[in-house]
Amino acid sequence: MATQQRKVASAKSAPASKTPTATQKAEYTPKRKSTEETKGRKEQIYSVMKGSGIWYKLKQNGITIYDPQTDKVREIRYCENEPSVYTDEQSSNAIRSQIVFKEGILIVPPVKANLQDYLALHPSNKANGGSTFTIINKEAKATVELDQEFLLLDAVSIVRDKSIDELLPICMYLNIDVNQRNNEIRRELLLEAKGNPKNFIELMDNPYVRSMSVIKQAVDYNILKGKEDGMYWMDSGRLIVTTPVGQDTVTVMTRFCMTEKGASVYDEIVSRLEKID
């Protein structure tokens, strides 16, 4: 028995083998190429700014630009088999190549360096003051799209994770019926969140939205009485604030309660609401 115990203890104290067994697999973490490896020309995407149609051919006849290196106005021409875009540097056998945007888009791979150079110099390029076509910054576009997607996720998360009580101020601000079932309220809020995620997120912590929800609930619970000419206390019939002609009484009352003069009135409204079972 003692011998068996010693064997067990010896087995426990023995260092674990670092050699993968038959059932284990060596682990490998994928690596990205370094920035040094990804330097050089990249694919460029150009788009026609307006009115391209299915097929748009870029004008190339007699295109001249100012060349700061030679301090001269020089003609440029795109010839697929010529290394230079400057006409005076091209061979006598140079043949102009067509440049066609399909569905308003032209994708230029890195191997077509001369086409990239030509488009970069062309006076119709937005970057040169033109109004015909522009380069699409894929990195900037990806950043914008990511931001939009993350905003959408954040807005949807609010609808999913917040309690109905926490969502009531937004419901009242958006005139969503709060007497529906919870899932019906969330469905309507979800449509609002997807329609304008940024605005929906901002509404969540907006003091005006919270104040308006308090005023609307006070009207619902007969603490306040809204009329066309102003907002009144229901019990005493005393006027709180006058509504200018053509304006909404709840909106006017909400703005009033957010002022220093209306702060005490707002506190009284909240106090009365809290006493309701």
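The peptide list 206-217, 168-179, put in order of mean Cβ contacts within 10 Å with the highest first, becomes 206-217, 168-179. Electrostatic bookkeeping for ALA120 treats Lys and Arg as +1 and Asp and Glu as -1; over the other residues with beta carbon under 15 Å from its beta carbon, the sum is +3. Placing a label point 7 Å from the Cα of ASN179 along the Cα-to-Cβ direction, the residues of region 203-222 with a backbone N closer than 12 Å are 220-221. Helical runs (DSSP H, four residues minimum) scored at -39500 (n - 2.57) apiece and divided by the length of the chain put the mean residue ellipticity at 222 nm at -12500 deg cm²/dmol. Here is the link list: LYS42/LYS102; LYS138/LYS162; LYS194/LYS216; LYS57/LYS138; LYS59/LYS141. Which ones come out longer than 29 Å on Cα distance? Where the Cα-Cα span goes over 29 Å, the pairs concerned are LYS138/LYS162. Classify region 83-156 as rounded, prolate or oblate from the Cα gyration tensor: take a ≥ b ≥ c as the square roots of its eigenvalues, call it rounded if a/c is under 1.5, otherwise prolate when a/b beats b/c and oblate if not. Prolate shape, in that a/c is at least 1.5 and a/b is the bigger ratio. Ranked for footprinting exposure by Cβ neighbours inside 10 Å, fewest first, ILE65, ILE223 give ILE65, ILE223. What's log10 of I(q)/I(0) for region 142-205 at q = 0.15, 0.20, 0.21, 0.30 Å⁻¹, Debye sum over Cα points only, no solvent? Results for region 142-205 at q = 0.15, 0.20, 0.21, 0.30 Å⁻¹ read -0.42, -0.70, -0.76, -1.41. Taken along its three principal axes, the alpha carbon spread of region 119-232 comes to 71, 37, 20 Å, from the longest extent down to the shortest. The alpha carbons of the chain occupy a box of 98, 97, 35 Å along the principal axes, longest dimension given first. Its Cα gyration tensor gives region 44-136 an equivalent ellipsoid, and the semi-axes of that ellipsoid, as √(5λ) in whole Å with the largest first, are 22, 15, 12.
No lab work stands behind these numbers, since they all come straight from the coordinates. Values in this document were obtained by computation on a predicted structure and should not be read as measured data. As a convention, Cβ positions derive from the backbone with ideal geometry for all residues, glycine included, and neighbour counts pool all protein chains shown.
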